[in-house]
Each structure stands twice: as C-alpha cells, then as structure tokens.
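The values are calculated or read from the model by the stated rules, or taken from the named source; none is laboratory data. Please read these numbers as outputs of a predicted model, since none were measured by experiment. Neighbour counts run over all protein chains shown; Cβ positions are idealised from the backbone, glycine included.
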Amino acid sequence: MTLSYCDVAPGHEWHGSYHDAEYGLPLTGEAELFARLVLEINQAGLSWLTILKKRDGFRRAYDGFEVDRVAAYGPEDVARLMADPGIIRNRLKIEAAIHNAGVIRRLRESHGGFHPWLLAHHPRTKAEWVKLFKKTFRFTGGEIVGEFLMSISFLPGAHQPGCPAYIRLTRVGVPWMQARDTGFSDFAAF
C-alpha cells in the first residue's frame, strides 16, 4: 500500500504545517505565486523536505520573491545566488527564476498579472497546462507544472477525500472544484 502525503505529512515537523495550512489552497498574490513556482522548480530532482527547510533562504536570496526585483537581476546576482548555501545552487534553476519573473511582468500587460492569466486559462487538463507552461515559462516540465497547479488549487490531487485539509478545501471554493461542479469532466472523479 502506497501512502499519500495526507498520510505522512500531518504532525511532521516540516511537512505538517505546509500540508495543513498551505498545500492545495488558492494563492492569488503575485509574489506568493512566483515563490511557489520557484520552489517547485527547485524541488526537481530533490525532496520537498529539502525545499521546505530552505524556504526562508530562498525568500531572502530572491528579495522576498518581488517579481520586478528578480526580473532585473543580472550576472552579479546570478553569481551571488550560485554562492548562496541557503538555496539550491543550480544555474539553470536560477536563470529560470529570473526569466520567469520577466514573463510574469509581461503577464501584467497581457492579462493583468499571473493570477488573472491562470484564471483566463482555467480549466484545463494537466497535459494542456503543461503545454501552455512550457510555451510560456522555463524549466516547467510535467511534474513541476502538476505540483505547482495542485499546490495552488488549479488541479485536483493535493489531498485525499476525507483528509481534514481536503474538507477545508470544500469550504473555500477552490478553482478545480468549481470547474468540476460546473461540469468539467476531467475533475469529476475528485
């Protein structure tokens, strides 16, 4: 029997509060969405526990995930980030964060911001989301996009039915549940 995140996270020193109070809940703020995308990208090939332990380091290193500041980073900032032991020092992931901040700035012009852009494309299947993210952002493969969208409530799967966190989601009206309830068949099983 395979255990789910809902089975192992509650009560865990690091996973517990993330599972209970953040994972799968809607995010709308630009800095919060950008932070989650950066963290999901950095998790690739690593454990989520590693990312949770370094989250404060990421926040400091990336200027509180302020999109305009990160989008303006230059070579000196890349060198600074590559030397920072408080984050994942991977040049491709660092350069993706900077590039993606610039993309989010442009989404302000085309859609009014990152969250309105997500809403404009919702609902979609995971495969459709992955295709859109790969066309729009860097370092956004299927697992990264899927986890990012589950973590911010645009795709189902963050919690198992019956989990107290899942029950809370039913009370706040998350995007994937709204799409399911209005007939989007890809979410019908959840």
Just to be sure before I move on: is LEU33 surrounded by 15 or more Cβ atoms within 10 Å (Cβ to Cβ) and touching a helix residue (DSSP H, G or I) at 6+ places or on another chain (Cβ under 8 Å) in the structure I sent? yes
Among (1) farther than 18 Å from SER151 by Cβ; (2) crowded, with 19+ Cβ neighbours inside 10 Å; (3) in contact (Cβ under 8 Å) with a residue 24 or more places away in the chain; (4) not small (Gly, Ala, Ser), where does PHE65 come up short? (1)
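In segment 103-113, which residue that is of a type outside the set (A, V, I, L, M) and crowded, with 16+ Cβ neighbours inside 10 Å is nearest to ILE152 (Cα to Cα)? Break it down stepwise before answering.
First, the residues of segment 103-113 that are of a type outside the set (A, V, I, L, M): 105-106, 108-113.
If we keep only those that are crowded, with 16+ Cβ neighbours inside 10 Å too, we end up with 105, 113.
On the way: ARG105: 20, GLY113: 15 Å.
By that ranking, first place goes to GLY113.
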Return the residue satisfying two criteria in turn: it lies in segment 119-162 and is among the hydrophobic types (A, V, I, L, M, F, W, C) and in contact with a Pro (Cβ under 8 Å, 6 or more places away or on another chain), and of such residues it is surrounded by the fewest Cβ atoms within 10 Å (Cβ to Cβ). LEU119
ALA189 versus (1) among the hydrophobic types (A, V, I, L, M, F, W, C); (2) surrounded by fewer than 20 Cβ atoms within 10 Å (Cβ to Cβ); (3) within 17 Å of the chain's Cα centre (by Cα): which is the lone unmet condition? (3)
Quick one: which residue in PRO116, PRO26 is within 30 Å of ALA179 (Cα to Cα), in contact (Cβ under 8 Å) with a residue 40 or more places away in the chain and surrounded by fewer than 19 Cβ atoms within 10 Å (Cβ to Cβ)? PRO26
Checked against (1) assigned by TED's automatic domain parsing to the domain that holds ALA35; (2) at pLDDT below 95, PHE184 satisfies every condition except (1)
